[in-house]
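The values are calculated or read from the model by the stated rules, or taken from the named source; none is laboratory data. None of the values given here were measured: they were computed from a predicted structure. A quick note on method: Cβ atoms are made from the backbone with ideal geometry, for glycine too, and the neighbour counts reach across all protein chains shown. Accessible surface is based on the protein model in full, side chains and every heavy atom, while ligands, DNA and RNA are left aside. Shrake-Rupley method; radii C 1.70, N 1.55, O 1.52, S 1.80 Å.
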Amino acid sequence: MGRRRPLTGLVAPALAAGAGAAGAVAVRRRTGRPAPPPPAAFSPLGPRIVVGGVAGAGKTTIARLLAERRGVPHVELDAFAHQPGWQMAADADFRAAVSAAIAAGAWVVDGNYPLVRDLVWARATTFVWLDPPRGVATWRAVCRTIPRVVRRTELWNGNREEWRNILDPGHPIWWSWTHHPTSRATYERLVADPAYAHVRVTRLRTQAETAAFLRYAAEP
């Protein structure tokens, strides 16, 4: 199976329409921001998709939409990791639960857990890398957290966020900001790892790219 290069930039509609690279550059200069890529810019997805990125990147939202549009199970790793009372699952139990969840022939997984990466990526056909700028990801984490706290939204296994959780250095808001460079470096290393050469990579840096990708993913 040939491997496509990661999507690292944007392709303007002028290029998709056959105007060539010069037309794409002209669009970029006129509008001040690049246009989303055409469907041809995206790699084929395959049946088993991993969605990854730093906290606040939008992993669960995108994974859920992908799963719905493709009619396959959505596997949220957080739901297996966070047991009642915010206790972390034992390593062996976590790996066993994830192994069972990904035994199916098709799925969309979201999560960043190194403990089960070997299991998930070994079977994955595609990695969708959500890589927004640091400030964007952190702001999204803030906007996600506040309504959860106010509404007392249940997350996984009866767990709910509380105001005091936000002060924890490990909370997604702080984690998103402090670990953004590390997360990006980790994924850059992983997508270059020969062990995962079978995994196609689509890297999405902006909301426009992500919207274009979701339209592409919904096509038959």
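Secondary structure note: in region 75-220, about 30% of the DSSP beta bridges are antiparallel. Size of region 166-219: Rg and Dmax of its alpha carbons, in Å, are 14.9, 43. Sorting Thr145, Thr60 on solvent-accessible area from highest to lowest, probe radius 1.4 Å, gives Thr60, Thr145. Solvent-accessible area assigned to carbon and sulfur over region 111-220 amounts to 60 percent, based on a 1.4 Å probe.
For the pair Arg69 and Trp163 in one chain, pulling the backbone fully straight at 0.36 nm per residue adds 30.4 nm over the alpha carbon distance. Rolling a 1.4 Å probe over the protein heavy atoms leaves Trp156 with an accessible area of roughly 30 Å². Starting from the Cα of Thr186, step 7 Å toward the Cβ, then list every residue of region 137-171 with an amide N under 18 Å from that point. Answer for region 137-171: 137-138, 141, 169-171. In terms of the mean number of neighbouring beta-carbon atoms within 10 Å, the peptides 72-85, 199-212 order highest first as 199-212, 72-85.
The value obtained for region 76-220, namely the Cα convex hull volume divided by the number of residues, is 137 Å³ per residue.
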